[in-house]
Every structure is written in C-alpha cells, then in structure tokens.
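All remarks here apply to the structure that follows.
The values are calculated or read from the model by the stated rules, or taken from the named source; none is laboratory data. What you see is a predicted model; the values in this text were computed from it and never measured. Don't worry about glycine lacking a Cβ; one is built from the backbone with ideal geometry, like all the others, and counts go over all protein chains shown.
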Amino acid sequence: MGEQLPAARLDFATLFREHYPRVYRYVRFRVGDDMTAEDLTAEIFERAFRYRDSYDPSRSAFSTWITQIAHNWVNNHLLNQDRTGKHEAEAAEDVLEQLPSAEATPEAQTISQEAVQRLLTCLDRLTERDRQIVALRFGSDVRNKEIAELLGLKEHSVSVILLRALERLRACQEEA
Amino acid sequence: MSEQERADALARDLERLLAGERLPEGDPLLEVASALSRLPLQPGEQATLRFEQRLDEWFGKPAPPPRQRIPLPALVVGTVIAAIVIGLLLLAILSNRPVSVPTPTVMPTAVPPQTTIPTVPTITLRPLPSLSPSPSPTSTAVTATATYQTATSATPSATPPAQTITPQPFSRVVVAGPIESLQDSIVVILGQSIQVTGNLPRMCVGDLVRIEVNVSADGSFHADRSSIVVETSACSPGQVTAGPGRSGGSGSGDGRRDDDHHHDD
C-alpha cells in the first residue's frame, strides 16, 4: 500500500480513497445520523490533508494514523455537543429514518432492515467509552491491541469492555 | 470461566470472525458481533462525490487508467483484415471508374506502307501542338507528342495516345516525303493523295516536301498551298512539274519560280 514510503512520496489521494468508507463507518458508529457522519468524515480528511506531512510511515500504518485523527475529531465533536446541551442520544430517534436503504447492499440479504435499526438504537444506548471501542472494533476493524494503545488502556481491559458492550447490546435486542 | 477468560476467548473469536471465518452458531454474543460487523453503513453518493471533488482539488485529477494493450495476434489479424478491405475497396473504385477510351474517328492512315517507297527512311505524322487550342472545329486532340514513324517493318500506329479524350473529326498532321505524282491540285506523297487548295507551287515529282495536312473525318487529306514546303527540289528540265502555268501531272517545266520554290515556312 505504500505505507512504508516516506510521507512525501506517498500517494495520499489513493490512501484517502481507500480509507474513506472505513473512516465514515467508524464515525457513523459513533454519531447518530448519516449527515453528521458525512460531515465529520469530510472534516477528518481535511485535517489529514492539512497535516499529511506529519505522518510518519515508519511509526504507524496509515490506517492507524487516520483512525487516530478520526477518533480525536469525533471526540471533540461529541464534547462540543455536550457543551451545547445537544446530547447524541437526542438524535437517536431520527436514526431509523436516516438509515440508508439496506436492500441496496449485499449485507441486506443477511441482515434485515429491522435488525439494523434495532442494533443502531441499542448502539446509541451504550456508554460513550463502550461505543468508542465497539466503533473501533466493528466500524473500523481495529484490533484490541491497537484500541488499547489508542485509548491508553490494557488489551485485556479492551477485551472485557468489548465483552460487556456486546452483552448489553444483546440484552437491548432481547428487550426490543 | 472468569470474565477475563471469557473476554479473551471472545476476543479470539472476534479475530476469526472479522477475518472472515465462519464460526459455529449459537453464541449470542458472536451473533451480535456478526451483525455489527455487517451493518450497512456507507457514505451517501453526494458525500462521496464531494469527497472526490476535494481530492481532485488537493491532488489533481487521478491519472487515467493505462490503456489496454491489444494483444499482438489480434493486432496483426486486424491490420491484415484492414489492409485487405482497403485493397478491395480501392480495386472496386478503380474498376468502376469510367476509363476514357479514345475512339478516334481520325486515323492517321496517311502513312503508306514503307515498302512502296523504300528510299524514304521515315514518314512522320506529327500533330501540330499549336493547333490543340484552336477554336476551329477541325482542331484535334491528337496530342502534340504523338509522332507516328514508320520504320522498314513498322506499320503506322493508328492508336492515338490514351490522353485523347474526345474524338475529333479532323486532325492536322505533317506529311513529309517525296512527291510521287502531281495531278491538277492533287499531290501524291508516298501513296497518299493530298488535295491542295489553290494553285500548286512549283514542284516536281521527286521533290522532297513537307506539307501540313488537314485530315478529314473520311480520311481524305487536304492542304493549303501555303502549307507546302519543298525541302529538296528534284526539278530538272523535262521533269514533270506543277506550278503556275502548269496544270496536270506531266509536261516539261519552264523553270523554277523562285518565289514559290523558296517558299519558306
């Protein structure tokens, strides 16, 4: 992927294109609606472009670097929302209506629209920390070890948090 | 099994799950995890388009994909087929193009067989180049380069050059040779009778003359008196002459008239 090349020689355009869907998915796991996720994703890549020279391929993979930017940017966004009194949970009511058409994707053949909506609703009920880790693990496909490094936790702790988060989601689904 | 052990076991299962492995069904947590990993969350088309535009602004347009190279055999076959098609087209065009085949009505038959006068080396029928643009209806398209020359074994070619497009009723040629006979206004040169308009200049049988002749459509030769040039005179006392004061093809001459004889063309 060219991630071992010096930053000046990296094909950032290609890297950005490759990672755009994954970053969006991560952001969408963490925020309540598509539009906000799209805006935040665009802002994340704006920052990545602005600070692309600071990326050192010898220190981390591009996916780690861009995920870190996304993680921090979404945290800032959520923090600002809290300060302005708009909690992300308020947007949960609109989540179901804003979901993309599940029939349009292959995944829709294995997971129904209703199940998706129920799962996202339950996702909104997780604590922010649980949601962060679930988003990193399932939205951005980051391994437990890297999640631990990113959040300053132990890997075992990440595993336990994931276990508990999944148990909560399971319980939420059963309630529904 | 402690929570930590369950968490570690789950972490390992998740690794396999997210790597694409199929895990045995029945574990409710893995089912939730599987559902999470398959959530259809994708950016909208508009957002993707805006993102691409931003990338173009930042990095410029992506390079076009490399052109697909045509396999060499296909290229060779295609080239051969194209060449054949072009060749056939050219052949068809050329074969359908009307070819102007001259059908001259004027045949330079003025040259008699060489055997009749073996002493004369050549008879030249030469179209006059200056006559080609002549407005006269008697002008001919016989090209100026057409020279009909009889050799000992040669027969005069009656085929005009291919450049002759429009057959003309007349042709104008130069007949050069010795006079065989003189009868009134008819001069016979190498077997070809030439009707001369006007009084004949002083000429004798045996004179080597050059006459610009109009050839009619019926093959008859006509010449004006002024178009006769006596190259070499063979006149001698008692020889058949034609000229002023003379008519007919026989009789003794009364002397050469210089004005006629030295007619210079």
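Taking the criterion of being touching a residue at least 12 places away in the same chain (Cβ under 8 Å), within 11 Å of another protein chain (Cβ to nearest Cβ) and in contact with a Ser or Thr (Cβ under 7 Å, 6 or more places away or on another chain), would at least one residue in the stretch A:43-64 satisfy it? No, that holds for no residue.
Could you go through the stretch A:66-81 and let me know if any residue there is surrounded by fewer than 17 Cβ atoms within 10 Å (Cβ to Cβ), within 14 Å of chain B (Cβ to nearest Cβ) and touching a residue at least 40 places away in the same chain (Cβ under 8 Å). Within the stretch A:66-81, none of the residues are surrounded by fewer than 17 Cβ atoms within 10 Å (Cβ to Cβ), within 14 Å of chain B (Cβ to nearest Cβ) and touching a residue at least 40 places away in the same chain (Cβ under 8 Å). Under the condition of being surrounded by fewer than 17 Cβ atoms within 10 Å (Cβ to Cβ) and farther than 16 Å from B:ARG172 by Cα, the residues counted in the stretch B:207-229 number 1.
Note on the stretch B:18-48: among residues that are closer than 18 Å to A:GLU155 by Cβ and at pLDDT below 90, the one that is nearest to the other protein chains (Cβ to nearest Cβ) is B:LEU18.
With the condition kept exactly as written, say whether any residue in the stretch A:164-174 is farther than 20 Å from A:ARG22 by Cα, at the interface with chain B (Cβ under 10 Å from one of its Cβ atoms) and at pLDDT below 90. Yes, the stretch A:164-174 contains a residue that is farther than 20 Å from A:ARG22 by Cα, at the interface with chain B (Cβ under 10 Å from one of its Cβ atoms) and at pLDDT below 90. Contact map, the stretch B:180-208: first residue touching a residue at least 60 places away in the same chain (Cβ under 8 Å), second residue surrounded by fewer than 16 Cβ atoms within 10 Å (Cβ to Cβ) and not in a strand (DSSP E or B), Cβ cut-off under 6 Å, separation 6 or more or different chains; pairs are B:GLY191/B:THR116. Residues that are within 9 Å of another protein chain (Cβ to nearest Cβ), buried (at least 18 other Cβ atoms within 10 Å of the Cβ) and modelled with pLDDT of 90 or more: does the stretch B:56-67 have at least one? No, that holds for no residue. Scanning the stretch A:127-160 for residues that are outside any helix (DSSP H, G or I), among the aliphatic types (A, V, I, L, M) and either within 11 Å of chain B (Cβ to nearest Cβ) or surrounded by 21 or more Cβ atoms within 10 Å (Cβ to Cβ) (or both) yields one hit, A:VAL142. State yes or no: is B:GLU5 more than 7 Å from chain A (Cβ to nearest Cβ), loosely packed, with under 15 Cβ neighbours inside 10 Å and in a loop (DSSP other than H, G, I, E, B)? Answer is no for this residue.
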